[in-house]
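Novice: Here it is, the structure in full.
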Amino acid sequence: MSVSDVSATPLIALERITDEGFAEVEGCIDGDHESLVLYREGDEVRGWLNICPHAGRRLDWAPGQFLKSKAGDLVCAAHGASFSLTDGECVAGPCKGDRLRSVAVQVHEGQVFLRTSG
Ligand code: FES
């Protein structure tokens with residue numbers, strides 16, 4: 001996969017994220033510096049804004065410390081909303097049916113990049 005056709009900002013080395021684990025990084029989205037949550041599954045990484053759609057709180061209970069349910073969902077540390085790690089949809093809790101805002105990330109040569117258009 002090439003990153004030459006898009007603007008891409010390196011975020012973190014893939015090896016620094018545990019498989020089936022999370023990392024918190026800072027990224028620039030639409031000109032604003034935002035906290036992002038990354039989730040690794042093998043060589044694939046998905047990313048979302050680290051903002052819960054329920055009350056706008058961070059999802060982690062301490063920087064970079066995210067909760068995962070036995071069912072394999074990301075659980076917001078504030079009031080327990082559970083989010084699918086496939087598509088970011090809230091599957092249980094106070095904002096059921098809402099979604100985390102996804103960000104475009106891709107892995108290239110062992111590095112996770114934030115993709116921005118233009
Ligand atoms: S802010 Fe996340 S569940 Fe309330």
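Novice: Only one of these is surrounded by fewer than 18 Cβ atoms within 10 Å (Cβ to Cβ) and on the phi < 0 side of the Ramachandran plot: L67, L114. Name it. Full working, then the answer.
Specialist: Values: L114 fails: surrounded by fewer than 18 Cβ atoms within 10 Å (Cβ to Cβ).
None of the others qualify; the one that does is L67.
Novice: Determine, yes or no, whether C76 is open to solvent by less than 30 Å² (accessible area, probe 1.4 Å), in contact with a Cys (Cβ under 7 Å, 6 or more places away or on another chain) and not aliphatic (A, V, I, L, M).
Specialist: Details: open to solvent by less than 30 Å² (accessible area, probe 1.4 Å): yes; in contact with a Cys (Cβ under 7 Å, 6 or more places away or on another chain): yes; not aliphatic (A, V, I, L, M): yes.
Answer is yes for this residue.
Novice: Can you spot a residue in the range 32-51 that is within 16 Å of the ligand (Cβ to nearest atom), open to solvent by 60 Å² or more (accessible area, probe 1.4 Å) and outside any helix (DSSP H, G or I)?
Specialist: Taking every residue of the range 32-51 in turn, at least one turns out to be within 16 Å of the ligand (Cβ to nearest atom), open to solvent by 60 Å² or more (accessible area, probe 1.4 Å) and outside any helix (DSSP H, G or I).
Novice: Any residue that is part of a loop (DSSP other than H, G, I, E, B), open to solvent by less than 60 Å² (accessible area, probe 1.4 Å) and hydrophobic (A, V, I, L, M, F, W, C) - is there at least one of those in the range 18-31?
Specialist: no
Novice: Now for a different question. Quick check: anything in the range 92-104 within 18 Å of S7 (Cα to Cα) and assigned to a strand (DSSP E or B)?
Specialist: To start, the set of residues in the range 92-104 that are within 18 Å of S7 (Cα to Cα) comprises 102-104.
Now narrow it down to the ones that are assigned to a strand (DSSP E or B): 102-103.
Looking for residues that are within 18 Å of S7 (Cα to Cα) and assigned to a strand (DSSP E or B), one finds at least one in the range 92-104, hence yes.
Novice: Quick check: is even one residue across the range 99-110 more than 25 Å from E15 (Cβ to Cβ) and either crowded, with 18+ Cβ neighbours inside 10 Å or in contact with a His (Cβ under 9 Å, 6 or more places away or on another chain) (or both)? Talk me through it step by step, then tell me what you get.
Specialist: Initial filter on the range 99-110 (more than 25 Å from E15 (Cβ to Cβ)): 99, 101.
Among the residues that remain, those that are also either crowded, with 18+ Cβ neighbours inside 10 Å or in contact with a His (Cβ under 9 Å, 6 or more places away or on another chain) (or both) are: none.
No - not one qualifying residue is present in the range 99-110.
Novice: Now for a separate question. With the condition kept exactly as written, say whether any residue in the range 79-88 is more than 10 Å from the ligand (Cβ to nearest atom) and in a strand (DSSP E or B).
Specialist: Pass one, the range 79-88, residues more than 10 Å from the ligand (Cβ to nearest atom): 84-88.
When the remaining residues are screened for being in a strand (DSSP E or B), the result is none.
No: zero hits.
Novice: Shifting gears a bit: Can you tell me which of (1) at pLDDT 95 or above; (2) not in a strand (DSSP E or B) is the one S4 doesn't meet?
Specialist: (1)
The values are calculated or read from the model by the stated rules, or taken from the named source; none is laboratory data. Please read all numbers here as calculations on a predicted model, not as lab measurements. FYI the Cβ positions are ideal-geometry reconstructions off the backbone, even for glycines, and counts take in every protein chain you see. Ligands, DNA and RNA are stripped out before the accessible areas are found, and what is left, the full protein with its side chains, is counted by its heavy atoms. Shrake-Rupley method; radii C 1.70, N 1.55, O 1.52, S 1.80 Å.
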